[in-house]
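Structure first, then comments.
The values are calculated or read from the model by the stated rules, or taken from the named source; none is laboratory data. What you are looking at is a predicted structure, and each value in this text was computed from that prediction instead of being measured. Positions of Cβ are generated from backbone atoms using ideal geometry, with glycine treated the same way; all protein chains shown enter the neighbour counts.
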Amino acid sequence: MSREYETVIGLEVHVELATKTKIFCGCSTAFGGAPNTHTCPVCTGMPGSLPVLNRQVVEYAMAVGLAANCSINRYCRFDRKNYFYPDNPQNYQISQLYLPVCRDGSVEIETPAGKKTVGIHEIHMEEDAGKLIHDEWGDCSLVDYNRSGVPLIEIVSEPDMRSAEEVIAYLEKLRMMIQYLGASDCKLNEGSMRADVNLSVRRAGEEAFGTRTEMKNLNSFKAIARAIENEKNRQIDLLEEGKKVIQETRRWDDVKEYSYAMRSKEDAQDYRYFPEPDLVPLEISEEWIEAVKSRQPEFQPEKMQRYKKEYGLPDYDAQILTGSKYLADFFEAVTELCKKPKKVSNWLMGETMRLLKEQEMEPEDISFSPENLAKLIELTEEGSINGTVAKEVFEQIFAKDVDPVSYVEEQGLKTVNDAGELRNIILQVIKDNPRSVADYQNGKEKAIGFLVGQTMKAMKGKANPGMVNQILRELL
Amino acid sequence: MYIREQEEQTLQEVEKKQDKNIISDETIEYVGILAKLELSGEEREQAKKDMKEMLDYIDKLNELDTAGIDPMSHIFPVNNVFREDVVSNGDDRENLLKNAPETKDGSYLVPKTVE
């Protein structure tokens, strides 16, 4: 049934910018402060207070726009969007409607069917709203304005996506680009990146778009994929039953896995935009654009080439490591310390990625220091610990950022390289396992593996396996 | 650019409709909802009259030929006023909360609002 339909998706992505201060006042944007401790008359909407634009917000918006192949509007300004809601103390949000800072861009995404271009309609700057906490027992809500006035950019795509996979690929591309720029940490679970999904369906081959709905409250890639699937089916079912899709905003409940219409008809969405009278317009000069361009960082494709050339890494390693700005930075920090790029890459792509995946973490959640991984690599390289022990120690580093040198010392995990001590243990193993010894002497090569294993067990994993093998062969 | 297109459109509409400035009951009701105002019968009639007069006045301005003039959004010939990205405000919660009718646990207390 659903094969006859095509899904058409466009996204509105809000990104909280990594500025130190809010967009229109000198309050801190630090996450997690006590309620209302990062507020002032401007961001609490006190009468008579006046906004002054943070220059860095414009720089970040331009940098993201340039990275997304947008043209920068040389003349732009802010507009007032009027609405009443307690999270918005001014009763209007300062945003950009008529002359946004960036227009007409595109990003390229990888899909199973090959490369695809997603158009960017515009990028505009605006301020975030406060946070409402609802009293579960009482008939009231508490408002925290710490987030009120935190700078946002809203990236509006063209309706160019056709599936949840394409949407995720687009979001991952945007996130990687913005993280490379350092313009935001783009954490979906903390709300520093938020995506609203505009979705409609139409019969395959039809040109006109169907009626779309907008879905909010999507705070993970998984939730986005589920919500798209659910909404697509809901709309197809309506059409199949001969009903109509109503243009509305819906809120996704990821626990219950369904969405519901958010605003009733009485709450008309009539924002009465008009030019913001408290802010002067922006005139962006060619020199300013060039200056921002000249500060653009090395993006993934160039970094990947450099990793192959400078560090001699294989294609696959270079691609995975540069897939996240955080992972790439971490790789460079560890390599700088221990000068063994391939070993560092192996630890990051192997054990680190395994543990991150297991604990559903992202590379930016890595909490151990580059120093401790570098020390671990040195311990393994000089033969102080063997591979098995190294993995154990790494789990401690990953979880608690322990210093591997003192940890190995305290736990007595150092490989025993003392041939005399090893020889005594091996003699005992030989004595205890006469059958395997006989098997080996009768030509069963495999039996030696068992004896090595027994020796390692007696040594609690601390022996150098090569040395054990050598001594065993000598003694037999 | 977009604005000017819109304005030209509105201008054409003005020429078409003569009595368009009479405010209907539906319009005053709608404006009341948007402004979160409840008006008495008398106040409504007065508001309808006032709004019509305002629109007539704007029509008067619209008689001017503004072709070729960029729409103005600000009265001062000033652009690019910025602040640097440096934290200059500390925690002034105690003073700010004094402006609120009701507070609780360092937050503003409002009637329960759930979307």
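If you go through segment A:130-144 and keep only what is in a strand (DSSP E or B) and either away from chain B (no Cβ under 13 Å) or among the hydrophobic types (A, V, I, L, M, F, W, C) (or both), you end up with A:Leu132, A:Ile133, A:Cys140, A:Leu142, A:Val143. Scanning segment A:16-41 for residues that are within 19 Å of A:Ser184 (Cβ to Cβ), buried (at least 19 other Cβ atoms within 10 Å of the Cβ) and of a type outside the set (A, V, I, L, M) yields A:Glu16, A:Thr19, A:Thr21, A:Lys22, A:Phe24, A:Cys27, A:Ser28, A:Thr29, A:His38. Taken over segment A:199-212, the criterion of being surrounded by fewer than 20 Cβ atoms within 10 Å (Cβ to Cβ), among the polar types (S, T, N, Q) and either outside any loop (DSSP other than H, G, I, E, B) or within 24 Å of the chain's Cα centre (by Cα) (or both) is satisfied by no residue.
Within segment B:90-115, the residues that satisfy the criterion of being outside any loop (DSSP other than H, G, I, E, B), facing chain A (nearest Cβ under 7 Å) and charged (D, E, K, R) are B:Arg93, B:Lys104.
Of all residues in segment A:99-129, those satisfying the criterion of being part of a loop (DSSP other than H, G, I, E, B) and either among the aliphatic types (A, V, I, L, M) or surrounded by fewer than 19 Cβ atoms within 10 Å (Cβ to Cβ) (or both) are A:Leu99, A:Val101, A:Pro112, A:Ala113, A:Ala129.
The single condition among (1) under 19 Å from A:Ser49 (Cβ atoms); (2) more than 14 Å from chain A (Cβ to nearest Cβ) that B:Gly68 does not meet is (1).
Would you mind stating whether A:Pro89 is in a loop (DSSP other than H, G, I, E, B) and either of a type in the set (Ser, Thr, Tyr) or within 9 Å of chain B (Cβ to nearest Cβ) (or both)? Write out each step before concluding.
Details: in a loop (DSSP other than H, G, I, E, B): yes; either of a type in the set (Ser, Thr, Tyr) or within 9 Å of chain B (Cβ to nearest Cβ) (or both): yes.
So A:Pro89 passes the test.
Can you find a residue in segment A:297-308 that is among the aromatic types (Phe, Trp, Tyr), within 21 Å of A:Gln179 (Cα to Cα), at pLDDT below 95 and not in a helix (DSSP H, G or I)? Looking through segment A:297-308, at least one residue is among the aromatic types (Phe, Trp, Tyr), within 21 Å of A:Gln179 (Cα to Cα), at pLDDT below 95 and not in a helix (DSSP H, G or I).
Taking only segment A:208-247 into account, find how many residues are β-branched (Val, Ile, Thr) and closer than 20 Å to A:Cys186 by Cβ.
The number of residues fulfilling the criteria is 2.
In the condition set (1) assigned to a loop (DSSP other than H, G, I, E, B); (2) at the interface with chain B (Cβ under 9 Å from one of its Cβ atoms); (3) touching a Ser or Thr at 6+ places or on another chain (Cβ under 9 Å), A:Arg147 is compliant with all but (2).
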